[in-house]
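What follows is a short report on a single structure.
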Amino acid sequence: MIENIKCDHCHLEFGKDVMIKDDEHYFCCGGCQGVFHLLSENGLDSFYDKAGSTKLSRPVEEFEDSITFDTPSFYDKFVSKDKDGFSEVSLIIEGIHCSACVWLNEKALGQMDGVIEAYINHTNNKAKITWSDSNVKLSQIIDMIRAIGYDAFPYDPSIQEVRADKARKDYYMRLAVAVFGSMNIMWIAVAQYAGYFTGITQEIKTILNTAEWILSTPVLFYSGWNFFKGSYYGIKNHIVNMDILVATGATLTYIYSIYITLNNSGEAYFDSVSMIITFVLIGKFLETLSKKSAADTLDVMSKNIPSEISVIENENIVLKNVNDVEIGDTIMLRLGERAVIDGILLEGESNFDESSLSGESEPILKKVGDKIVSGTTSIDGAIRYSATKDFTHSTLSNIVSLLESAIAKKPRIEKIANRLSEHFSLAILLASFATFLVWFFGGSGFEVSFMIAISVIVIACPCALALATPVASLVGFSLSLKKGILFKESAMLESMAQAEVIVFDKTGTLTNGKPSVIKHEQYENIDKKLIYSLTSSSTHPISNGVSEYLKDESNELLALNNLEQVRGRGIKASFNKDRLLGGNALFLKEHGIIVDDSGEGSHFFVAFKNTLVAKFTLKDELKDDALNSVERIKKFGLLTIILSGDREESVKEVASALGIKEYHYGLSPEQKSEFVQKLQQSKKVVMAGDGINDILALANADIAIAMGSGSDIAIEVSDVVLLNNSLVTLADSFAIARRTYSLIKQNLAISLLYNAITIPLAMMGYIIPLIAAISMSFSSLLVVGNSLRIKWKY
Amino acid sequence: MDSSVIAMMIGVSTFLGAIALLAFLFAVKNGHFDDSKKMMNSVHFDDEEALNDAVEKEKKREKLKEKNYRPE
């Protein structure tokens with residue numbers, strides 16, 4: 001037994017024999033070794049103390065040329081100048097695991113000559129780098145990031161993101177002022193209420209009133225500014241919204257209280273003014289807190305589309321901006337690169353991962369003359385192909401532009417509280433006005449009538465109404481997060497509860513999305529470690545599936561010689577001079593071994609010393625508990641449909657296994673989205689998917705649910721992300737959404753009931769200030785308490 | 001007499017509170033809370049070296065600024 005030891009850079013464990021020994025240090029690969037030496041040469045080795053035993057990702061050894069970062073087109077798009085004439089760029093750093101990684105990047109970049117500042121956000125790993133162009137080039141900075149084992153992508157810190165940040169900051173500040181004002185007014189109010197019952201001199205009362213006046217002024221006019229703005233737009237569009245109720249209620253109360261204070265008699269209501277503003281502002285703040293920004297979506301999209309690609313001109317490789325590539329140009333696609341322009345293969349062959357477009361989980365071998373579709377990735381070979389379309393007409397670019405328009409006009413299910421508040425606000429304002437008229441013409445003086453009219457507005461303070469939805473949503477939101485469901489916007493819970501149809505993608509959503517071994521036939525005895533060593537040398541999905549299967553019983557690597565990957569066929573190696581083969585039937589036949597590859601699924605054959613020793617049958621299987629979860633979702637009364645780009649047989653098999661009656665196969669991404677749009681005309685649609693082939697449909701659906709393992713773009717486009725990819729969680733998310741929605745309705749009922757009791761009392765003039773304040777807080781507490789009940793069941 | 005003491009006490013305590021509020025608003029405005037993890041994380045590495053680095057950074061900026069503006 002060979003002991004496992006940790007690599008001195010990335011801290012991953014491997015058998016001692018496969019490690020690179022370097023003095024007293026051990027490394028798993030040349031990449032780790034390189035980074036380790038680089039850090040110690042630059043005096044940065046304290047990084048390892050800071051990182052502790054955190055496992056790092058192994059440094060990638062091959063990168064696209066960083067020279068693209070110095071091109072004028074890149075500068076145009078991503079680089080800006082600050083006030084001192086230094087260049088600034090925003091990057092997303094990949095591979096950051098811990099705060100020590102942030103420290104290392106900041107430190108290593110900061111030590112470079114010409115780099116003025118490297119700031120990395122600990123929360124989202126976005127970096128802002130400022131440098132002087134005359135001393136250092138951006139490509140050198142990127143090379144440094146890569147040399148220490150990370151990678152960087154540029155992103156455009158679009159105006160939208162800046163604006164979202166600014167709006168959030170603005171809320172923080174207004175809220176801080178509101179809370180400060182209200183809390184101070186409350187302790188002054190305690191003295192006033194005590195005085196109300198035990199007696200207080202008018203002199204002291206005026207002092208207290210004046211203090212409250214001073215404190216409530218910034219609350220009303222600074223913190224409450226949004227309500228005035230909202231009322232202005234409401235009036236302009238002839239809508240009586242909640243903002244109008246809040247603004248008029250607070251302002252009238254404020255003016256009345258000033259009159260009381262100056263007149264030295266009666267009760268001032270400054271505490272109500274600040275409380276109304278603060279509570280409603282908190283409600284609004286909770287809503288914005290969990291709103292997703294569309295800005296992030298666009299960042300990830302531009303990361304996936306390279307802005308420059310390699311074109312061959314006169315036998316030289318030149319970098320061209322994708323927009324400048326013309327039809328007929330010869331494009332070079334390296335291993336692992338994604339094609340961004342459609343074309344026809346000229347030279348070389350490679351397996352292509354088309355799962356992002358068709359949902360087909362097994363790679364497809366492309367030979368000379370085959371079509372290359374943009375958006376697909378070359379897995380195991382470098383090819384040259386001729387462009388048949390320009391960038392704007394290529395598949396990928398079409399999808400992106402369709403996506404942008406879909407995000408822009410995404411339907412929003414109207415929130416129940418918004419519908420309610422419109423009628424509510426109008427009713428209260430009218431009731432208050434009527435109260436004033438009745439009392440005034442009933443013979444009471446102007447002062448008394450006005451005070452009673454004001455008390456109607458104050459008592460009807462929509463605090464509870466404003467908190468009803470956000471608090472319940474937020475509780476549901478945090479609960480679902482614990483279960484591995486990320487709602488990007490807590491208001492989505494409400495929308496999801498009203499959904500009527502759920503549309504599933506097949507590959508990756510209902511199935512695991514990668515082939516796994518369903519049958520293993522052993523013909524001859526062989527050390528399984530040999531097979532494991534062979535399969536784990538390849539990144540092909542089939543060999544990954546076999547390694548995964550064998551991992552449990554034999555996860556040791558043996559030293560194989562002459563490892564060779566044969567594209568579209570398999571892997572060849574020798575062990576102690578005996579030949580070891582692993583691959584498909586064609587591959588073995590070419591080496592003189594006849595095998596039987598009939599039967600369903602994909603096959604992986606292993607031959608040792610020219611005899612067949614084992615056969616693995618692999619299939620993309622249904623996820624665990626798929627059946628149970630689909631049953632549960634059906635019980636909620638949802639119609640289930642499968643949309644897939646896959647072949648009929650495989651879609652049909654999945655559909656019948658899950659008891660889903662409606663299924664559609666062979667659909668392109670556009671067809672999927674058309675289907676969803678058509679469905680939407682009569683129903684509210686939830687779409688669950690994971691791949692790039694689903695993003696259009698996801699962007700169009702009322703609610704989009706993405707698998708956490710799905711493509712970045714799918715996750716960004718979606719409203720809900722299932723972090724653990726499980727269908728059980730999907731069913732849970734519906735359960736939580738429904739529970740939250742029913743509690744929102746209860747909350748609204750509570751606040752309306754409260755108003756139904758108190759408003760008539762106020763109209764009759766029975767409400768004294770203390771009762772108004774207590775009942776106002778009580779109804780809000782009731783709503784918050786009721787919302788917490790969401791957690792009881794789980 | 002009584003009431004002026006109360007007025008003064010309310011005034012002073014509110015004023016002290018307002019100073020804290022203004023400090024908070026100043027911090028929010030200058031991006032102190034933009035990165036929610038930074039405060040807890042960077043505490044680990046907050047030492048003399050970090051302080052030196054910050055000073056060096058300022059110096060470097062000034063130096064490069066001069067160079068940038070040098071007439072050519």
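The values are calculated or read from the model by the stated rules, or taken from the named source; none is laboratory data. The structure presented is a predicted model; accordingly, all values stated were derived computationally and were not measured. Glycine also receives a Cβ, built like all others from the backbone with ideal geometry; neighbour counts cover every protein chain displayed. SASA here: full protein model, heavy atoms, side chains in, ligands and nucleic acids out. Shrake-Rupley method; radii C 1.70, N 1.55, O 1.52, S 1.80 Å.
Relative contact order of the range A:623-702: what whole-number percent is it, with Cα pairs under 8 angstrom and at least 6 residues apart? Kindly include the intermediate steps, with their values, before the conclusion.
Details: 88 pairs, mean separation 19.5, N = 80.
Reported relative contact order: 24 percent.
Which value does Rg/Rh take for the range A:674-750 over its C-alpha atoms, Rh per Kirkwood?
Numbers: Rg = 14.0 Å, Rh = 13.3 Å.
Radius of gyration over Kirkwood radius for the range A:674-750 works out to 1.05.
From the Cα gyration tensor of the range A:516-619, with a ≥ b ≥ c the square roots of its eigenvalues, which class applies: rounded if a/c is under 1.5, or else prolate if a/b is larger than b/c, or else oblate? Write down the numbers at each step before the final one.
On the way: a/c = 1.36, a/b = 1.08, b/c = 1.26.
Note, shape of the range A:516-619 comes out rounded.
Could you tell me the relative contact order of chain A? Use alpha-carbon pairs under 8 Å, at least six residues apart, and round to a whole percent. Mind dumping the intermediate values first?
On the way: 1441 pairs, mean separation 85.7, N = 794.
Relative contact order here is 11 percent.
From other protein chains only, count the Cβ atoms within 10 Å of every residue's Cβ in A:212-219, then give the mean. Please list the in-between numbers first.
Values: counts 1, 0, 4, 4, 0, 0, 2, 0.
Whole-number average of other-chain Cβ neighbours for A:212-219 is 1.
Need the C-alpha centroid separation for the range A:76-150 versus the range A:654-728, integer Å.
37 Å
Enter the per residue convex hull volume of the range A:66-157, computed from alpha-carbon coordinates, in Å³ rounded to the nearest integer.
Numbers: hull volume 8.0 nm³, N = 92.
Looking at the range A:66-157, the number lands at 87 Å³ per residue.
Using a 10 Å cut-off on Cβ to Cβ distances, tally the other chain neighbours for every residue of A:100-109 and report the average as a whole number.
For this peptide, the per-residue mean of nearby foreign Cβ atoms is 2.
Rounded to the nearest 0.05, what FRET efficiency do residue A:552 and residue B:39 give with R0 = 45 Å and r taken as the Cβ-Cβ distance? Could you check? Please list the in-between numbers first.
Values: r = 43 Å, r/R0 = 0.95.
That pair, residue A:552 with residue B:39, gives E of 0.55.
Interface A/B, total buried accessible area with a 1.4 Å probe, nearest 100 Å²?
Working: alone 36000 and 7440 Å², together 40280 Å².
Adding both sides of the contact gives about 3200 Å².
Please compute the Kirkwood hydrodynamic radius over the protein assembly as shown, one decimal place, Å, based on all pairs of different Cα atoms. Show your work: numbers first, answer last.
Numbers: mean 1/r = 0.0314 Å⁻¹.
Mean inverse Cα-Cα distance, inverted, gives 31.9 Å.
Please identify the DSSP H helices in chain A that span no less than 27 Å along the helix axis (Cα) and have a mean Kyte-Doolittle hydropathy of 1.0 or more. Walk me through the numbers before you get to the answer.
Values: long enough: A:159-198 (58 Å, 0.18); A:242-263 (31 Å, 1.10); A:270-289 (28 Å, 1.47); A:416-441 (38 Å, 1.33); A:463-482 (28 Å, 1.54); A:727-763 (54 Å, 0.90); A:769-787 (28 Å, 1.45).
Span-like helices here: A:242-263, A:270-289, A:416-441, A:463-482, A:769-787.
Could you sort out which of A:506/A:619; B:37/B:60; A:519/A:615; A:371/A:506 sit more than 18 Å apart by Cα distance in this structure? Mind dumping the intermediate values first?
On the way: A:506/A:619 14 Å; B:37/B:60 27 Å; A:519/A:615 8 Å; A:371/A:506 25 Å.
From the list (A:506/A:619; B:37/B:60; A:519/A:615; A:371/A:506), the Cα-Cα distance tops 18 Å for B:37/B:60; A:371/A:506.
Find how much the distance from residue A:674 to residue A:634 grows on full extension, using 0.36 nm per residue of separation minus their present alpha carbon separation; answer in nm with one decimal. Don't skip to the answer; put the middle values down first.
Numbers: separation 40, 0.36 × 40 = 14.40 nm, distance 2.37 nm.
Value of the extension gain: 12.0 nm.
From largest accessible area down, sort A:682, A:673, A:777; use a 1.4 Å probe on the protein chains. Walk me through the numbers before you get to the answer.
Working: A:682 90, A:673 10, A:777 40 Å².
These residues rank, largest area first, as A:682, A:777, A:673.
Starting from the alpha-carbon convex hull of chain B, give the projected area averaged over all orientations, in nm². Don't skip to the end; give the middle numbers.
Values: hull surface 38.7 nm².
Dividing the Cα hull surface by four gives the mean projection, 9.7 nm².
Taking only the alpha-carbon atoms of the range A:604-679, what semi-axes of the equivalent ellipsoid follow from 5 times the gyration tensor eigenvalues under a square root, in whole Å, largest first? Can you show the working numbers first?
Working: eigenvalues 240, 65, 14 Å².
Values for the range A:604-679, descending: 35, 18, 8 Å.
On a 22 Å Cα-Cα criterion, which of the cross-link pairs A:50/B:63; A:169/B:38; A:16/A:50; A:623/A:661; A:791/B:38 come out too long?
On the way: A:50/B:63 31 Å; A:169/B:38 17 Å; A:16/A:50 25 Å; A:623/A:661 19 Å; A:791/B:38 31 Å.
In this structure, A:50/B:63; A:16/A:50; A:791/B:38 lie more than 22 Å apart at Cα.
Could you check how much of the accessible area of the protein assembly as shown is carbon and sulfur, as a whole percent, using a 1.4 Å probe? Mind dumping the intermediate values first?
Details: 22910 of 40280 Å².
Ligands and nucleic acids excluded, carbon and sulfur give 57 percent.
Just the number please: accessible area per residue for the range A:66-157, 1.4 Å probe, all protein chains included, in Å². Don't jump to the answer; show the numbers that get you there.
Values: 3260 Å² over 92 residues.
On a per-residue basis, 35 Å².
In Å, the Kirkwood hydrodynamic radius of the range A:164-289 over pairs of distinct alpha carbons?
Details: mean 1/r = 0.0657 Å⁻¹.
With all distinct Cα pairs of the range A:164-289 included, I get 15.2 Å.
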